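The values are calculated or read from the model by the stated rules, or taken from the named source; none is laboratory data. The structure presented is a predicted model; accordingly, all values stated were derived computationally and were not measured. Here Cβ is always computed from backbone atoms with ideal geometry, including for glycine, and neighbour counts include all displayed protein chains.
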Amino acid sequence: MSGARQWKKFKRAISKPFEDAWERQRANHLVILGMLSVLAVALVAWAIAFFMIFSSNAQQEANSWENYTAVTWVGVMLAFVILIFVIPEFFHYLGVRNSLVEILETDSRAELQSNKRELVEGVKLLSGAWPARYEAKKLELGLRKEMPDGMELPENDGGWISNWFSTKNSRFVDRFPDSTLLQDPGINKIIIGVSFTGLFLFLYNATFGLAREVVGGPRNMTVDFTAIAKGSEYSATWAPHMDLIGTLIILMLATILFMTTPTPSEYSEDTSDSNSEEE
């Protein structure tokens, strides 16, 4: 029994600093989990590209990318762990956030009171600015006379980047209005991150090159995806170079990134609101 107690004390002593550090970052939990989720997607995408394009195979001689094989496998295992443990937690936090946003948009005191338990639990989970937003809503609906001492609602900077990242009415939503998933700002941020990263990599490959002519040489050759698809002997050519498939992928990623932007109607509404506030 004493051995079991000592083991529990030892585990507690080891885990407590990490638990305390995680708790201190409670206001950033959703952001951290979202970044880890994007990292998992990026690691999986890199692994697919690495094993299909960059690493040597039976038809190629060994190349300098072989040095990254072990690192890529470590990335795959890390992505696997994130997919199992982190992404479900991320979607849980995201669901709580979306519920809070939806409930706090109400103008009914009865509805706000009926969802009080869900609001309190969600505010406690997300922390950060959410307690102030909850109290400000209660003040707006006349459920309290003034904000609690030391609590202020953070001002929205209203910049176009902030509006882009927080939009619930992107061009995707305008094109697919029945999709509730695309209305989620968190999902929109993930699409922005993945499409922007992919677009940058493909443009860099087309302009400066990601492949080497010889082992140890400079990366000044563009990976030719059309040649790879055709099974050509050479899968790279001197940069800059635009092949058909690579160009289509760049156009597709650019279109996806463009579709994540707010609709013109939402932007004009935000502009008119800000102008009216200034008046």
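Go through Phe200, Phe196 for me and flag whichever is at pLDDT 85 or above, assigned to a helix (DSSP H, G or I) and more than 21 Å from Leu182 (Cβ to Cβ).
Answer to the selection: Phe200.
Condition test on Arg171, is it among the basic types (Lys, Arg), outside the structural domain of Val101 (by TED's automatic domain parsing) and closer than 30 Å to Asn28 by Cβ? Here the answer is yes, as Arg171 does meet what is asked. All conditions in (1) in a loop (DSSP other than H, G, I, E, B); (2) at pLDDT 85 or above; (3) not hydroxyl-bearing (Ser, Thr, Tyr) hold for Asp157, with the sole exception of (2). Does Asn188 satisfy the condition of being within 14 Å of Thr260 (Cα to Cα) and in contact with a strand residue (DSSP E or B) (Cβ under 6 Å, 6 or more places away or on another chain)? Answer is yes for this residue. Taking each residue of the range 5-28 that is surrounded by 10 or more Cβ atoms within 10 Å (Cβ to Cβ) and looking for partners that are in a helix (DSSP H, G or I) with beta-carbon atoms closer than 7 Å, six or more apart or interchain, yields Gln25/Ile32. Residue count for the range 168-193, restricted to those that are outside any helix (DSSP H, G or I), buried (at least 19 other Cβ atoms within 10 Å of the Cβ) and modelled with pLDDT under 85: 2. Annotation: Asn220 fulfils all but one of (1) modelled with pLDDT under 90; (2) of a type outside the set (A, V, I, L, M, F, W, C); (3) surrounded by fewer than 15 Cβ atoms within 10 Å (Cβ to Cβ); (4) more than 18 Å from Ala49 (Cα to Cα); the unmet one is (3).
Determine if the range 229-244 includes at least one residue that is assigned to a helix (DSSP H, G or I), in contact with a strand residue (DSSP E or B) (Cβ under 9 Å, 6 or more places away or on another chain), over 23 Å from Phe91 (Cβ atoms) and without any contact (Cβ under 8 Å) to a residue 60 or more places away in the chain.
No - not one qualifying residue is present in the range 229-244.
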